[in-house]
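> Dropping the structure in here first, questions after.
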Amino acid sequence: MAEINTSAGNTRNRGGRRTKKLSTRVDMTPMVDLGFLLITFFVLTTTWSKAHVTKLNLPADGPSGNIGNTTALTLIPLAGNKIFYYHGDLGAALREGSFGTTSYSLNGGIGDVIRQKQAALDRSYKGGRKEMMLLIKPSAQSTYGNVVSLLDETLINQIKKYALVDLSKEEEKTISLKIL
């Protein structure tokens, strides 16, 4: 049992009478019990935040249909937190110069590239930004965190159509020549 004891001291009055102070005894057990009850109550009634899961729809195996070159944006995460991107078909993008490298930064990063593509589709394409197709093609040098960051960008920019696709030999060759 927890308690606080205070010893009594003798005091003298001028009249010669002595008064004795009695010791004070405070029992701390009910207060400790109340503390544990409150802690238990708040722990059990707290709503825990649930993990938000991103739904990833993958296409069925088999021949894939052609994606319109005007609506496609391909992102290839590389080593060193770099991203190689190109618009439409790789060959046409290399001829027209519609490719580049960027990073994951907030200003001038991949988010800006995606928003520029969406704005261009809104101006020139019938379906607008809803028709944009984002292809994420992880390279051997990219990390899991790079792919997750790109998937986060799809959620931030509200891209409804995206896919994880394997790199082709042509893309690997182009990356090794142009970037590495």
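Every read-out reported here was derived from the displayed coordinates using simple, explicitly stated rules and does not represent laboratory data. This one's a predicted model, so the numbers in the text were calculated from it and none came from an experiment. Methodologically, a virtual Cβ is constructed for each residue, glycine included, from the backbone with ideal geometry; neighbour enumeration extends over all protein chains shown.
> Among the residues of segment 74-85, is any of a type outside the set (A, V, I, L, M), touching a residue at least 12 places away in the same chain (Cβ under 8 Å) and farther than 18 Å from PRO138 by Cβ?
no
> Of the residues that sit in segment 86-105 and are under 19 Å from ALA140 (Cβ atoms) and aromatic (Phe, Trp, Tyr), which one is surrounded by the most Cβ atoms within 10 Å (Cβ to Cβ)?
It comes out as TYR86.
> Taking the condition surrounded by 13 or more Cβ atoms within 10 Å (Cβ to Cβ) and under 18 Å from the mean Cα position of the chain (by Cα), does VAL113 pass?
No: the conditions fail for VAL113.
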